[in-house]
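Notes follow once the structure below has been shown.
The values are calculated or read from the model by the stated rules, or taken from the named source; none is laboratory data. The structure displayed is predicted, hence computed values, not measured ones. Positions of Cβ are generated from backbone atoms using ideal geometry, with glycine treated the same way; all protein chains shown enter the neighbour counts.
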There are 2 protein chains.
Amino acid sequence: MTAAAIPRYRQVKELIIRQISSGKLKPHDRVPSENELVDTTGVSRMTANRALRELTNEGYVERVVGVGTFVADFKAASHVLEVRNIADEILQRGNVHSAVVLTMLQQAADQSAADALQTDIGAALFHVRLVHAEDRIPLQLEERFVLPAFAPDFLRQDFTVVTPSAYLSAKSPLQEAEHVVRAMMPDEEIAAALNMPPGEPALVVSRRTWAHGRPVSFARLFHPGSRFQLSGHYAPPGTEDMQSASQRSQEQ
Amino acid sequence: MTAAAIPRYRQVKELIIRQISSGKLKPHDRVPSENELVDTTGVSRMTANRALRELTNEGYVERVVGVGTFVADFKAASHVLEVRNIADEILQRGNVHSAVVLTMLQQAADQSAADALQTDIGAALFHVRLVHAEDRIPLQLEERFVLPAFAPDFLRQDFTVVTPSAYLSAKSPLQEAEHVVRAMMPDEEIAAALNMPPGEPALVVSRRTWAHGRPVSFARLFHPGSRFQLSGHYAPPGTEDMQSASQRSQEQ
DNA sequence: TGGTCTAGCCTGTATATACAACTGACGGGA
DNA sequence: TCCCGTCAGTTGTATATACAGGCTAGACCA
């Protein structure tokens, strides 16, 4: 078996995907049971099981013990945007990433930072503010607060070399994260740092990351509305490739 | 076996996740091979294989035929935002969705619509414009173009009852989709329709959906920056989860 | 010394078998 | 008529076995 051939569990998956894509099977329709697939396709039950189990993980079908397998509602299929590290993104476009540190100090938490990090107002926090640029054009102002207990050496890093996000994610591997995206008018200081003309809105990504079950870092990422966008591409696993990526819009 | 107990493949997965989370295993470190897991945990090789295979799909580890299994770089783990149907979103918040149709006609494609739908300038397109409201407060202006060939009956629908997005996704189950998010200033007409004060920016989601390998619909969704945000939460499936992880209510 | 070849490990897949638990329908008994 | 038990069908899990094919280190030979 195997060889250059397509694995049989994959053939079974694609058989069913075709029936769904073509409309022969519609949402809530019953999908052939494992034993029916054994009879019709000649694979073993374990192979049929693997095909249906993977289709479940991929959102195509839903399974109910004792009842059967059914085509899932397509609206559940995720339409997704990816929030990526700005430096990676710039490098992947083949451009030069550079960063300028504006602020780097320890300060007392204000209301919003205390809320975001679930700590007390006035608690000591590390605070950095830096501007990331693509080919010398400012693209993101990053304002970040970090719990000192999580990263005691945070203020001794050179963030023009390693971004705060890269430094923090290296400290603790598996993190929980929350993102919120908004459109808002930047204040004058931010607009100036990003070289934004008056009246231009900003796309703001707020990101909180968790470690050991509690939030340890909170960042607000401001981008010029005219020069930055988030984008994502979703393709069902029949059509090849397509990565999602954020891109700088072409003009300006 | 089995019984009320946690399945063994899951126990093996969590064993490895713990070693990664605790830092005992770091990115690029070698993970025990299937046969080593057979020896140390007493499960069969197929069970060990399932555990490692699922960890691969979940992004924890990477496997190389003939070499071994290794802890993955965490930065690859996607931080994701979901773009959801506005009506579903409002209903899930327990509020009332309503829609008002502003425009509903067939017209010739202009430059941008022709580009987006990969058709010719001047080609006939269906065009609708409607405002979605949450508890009577306008929250989204939807401007949508559709290829007539894909949905000939499109203009005969009552979009105050079924949203265009729901109608189209029912027409063709498995779609490819592309999203782009921007911040921009709305023109006066849009600002008025959404009841936005002067100077307030809009969060704009552009969405193209494909069927049969070509784009069939293009929508621009304008939201008041002060009243709308996109958010997403990512939690790795190891963290005391199972409640939060199995509750993919976000995705449904 | 240098090149080649093989043994042993690794993952990937496929099958047959087995048992557990759940569901729904059918039929028999009170 | 209504309740309940049985039974067939379904998914979920677990194991033992088997073979294919990639990779690497070390043995072996020239």
Q: Write out, first by first residue and then by second, each pair whose Cβ atoms fall under 8 Å of each other, whose residues are 6+ apart or on separate chains, and whose first residue, in segment A:5-27, is touching a residue at least 12 places away in the same chain (Cβ under 8 Å) and in a loop (DSSP other than H, G, I, E, B) while the second is surrounded by 14 or more Cβ atoms within 10 Å (Cβ to Cβ) and among the acidic types (Asp, Glu).
A: A:27/A:73
Q) Do you know which residues across segment A:122-135 are surrounded by fewer than 21 Cβ atoms within 10 Å (Cβ to Cβ) and in contact (Cβ under 8 Å) with a residue 40 or more places away in the chain? A) A:131, A:135
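Being more than 16 Å from DNA strand D (Cβ to nearest atom), in a helix (DSSP H, G or I) and at pLDDT 90 or above is true for just one of B:114, B:51. Which residue is that?
Exactly one of B:114, B:51 is more than 16 Å from DNA strand D (Cβ to nearest atom), in a helix (DSSP H, G or I) and at pLDDT 90 or above, namely B:114.
Residue by residue, here is whether (1) free of Cβ contacts under 8 Å to residues at least 60 places away in the same chain; (2) within 26 Å of the chain's Cα centre (by Cα) holds:
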| position | (1), (2) |
| --- | --- |
| B:95 | yes, yes |
| B:105 | yes, no |
| B:114 | yes, yes |
| B:120 | yes, no |
| B:137 | no, yes |
| B:145 | no, yes |
| B:165 | no, yes |
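Report yes if some residue within segment B:185-193 is over 18 Å from the mean Cα position of the chain (by Cα) and within 13 Å of residue B:101 (Cβ to Cβ); otherwise report no. Talk me through it step by step, then tell me what you get.
Step one: of segment B:185-193, the residues over 18 Å from the mean Cα position of the chain (by Cα) are B:185-193.
Then drop every residue that is not within 13 Å of residue B:101 (Cβ to Cβ), which leaves B:193.
Taking every residue of segment B:185-193 in turn, at least one turns out to be over 18 Å from the mean Cα position of the chain (by Cα) and within 13 Å of residue B:101 (Cβ to Cβ).
Does segment A:23-32 include one or more residues that are over 16 Å from residue A:73 (Cβ atoms) and surrounded by 15 or more Cβ atoms within 10 Å (Cβ to Cβ)? Let's see the steps before the verdict.
Initially, segment A:23-32 is screened for residues over 16 Å from residue A:73 (Cβ atoms), giving A:24, A:32.
Okay, now just the ones that are also surrounded by 15 or more Cβ atoms within 10 Å (Cβ to Cβ), so A:32.
Yes: one or more hits.
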Q: Within segment B:34-48, track down each residue that is among the acidic types (Asp, Glu) and within 10 Å of DNA strand D (Cβ to nearest atom).
A: B:34
Q) So, of the residues in segment B:147-191 that are within 27 Å of residue A:82 (Cβ to Cβ) and modelled with pLDDT of 95 or more, which turns out to be surrounded by the fewest Cβ atoms within 10 Å (Cβ to Cβ)? A) B:184
(Q) Looking only at segment A:89-111, count every residue that is under 19 Å from residue A:206 (Cα atoms) and assigned to a loop (DSSP other than H, G, I, E, B) and tell me the total. (A) 2
Q | Residue within segment A:125-133 that is within 16 Å of DNA strand C (Cβ to nearest atom) and in contact with a Lys or Arg (Cβ under 6 Å, 6 or more places away or on another chain) present | A | no
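Of the residues A:150, A:159, which single one is within 14 Å of chain B (Cβ to nearest Cβ) and in a loop (DSSP other than H, G, I, E, B)?
Values: A:159 fails: within 14 Å of chain B (Cβ to nearest Cβ).
Answer to the check: A:150.
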**Q.** Cβ pairs under 6 Å, 6+ apart, first in segment B:197-213 and within 9 Å of another protein chain (Cβ to nearest Cβ), second acidic (Asp, Glu)
**A.** B:210/B:176
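Name the single residue, out of those in segment B:54-72 being within 6 Å of DNA strand C (Cβ to nearest atom) and in a loop (DSSP other than H, G, I, E, B), that is farthest from the other protein chains (Cβ to nearest Cβ).
Of all residues in segment B:54-72, those within 6 Å of DNA strand C (Cβ to nearest atom) come to B:63, B:65-66, B:68-69.
Pick out the ones that are also in a loop (DSSP other than H, G, I, E, B) and you get B:65-66.
On the way: B:65: 11, B:66: 14 Å.
Among those that are within 6 Å of DNA strand C (Cβ to nearest atom) and in a loop (DSSP other than H, G, I, E, B), it is B:66.
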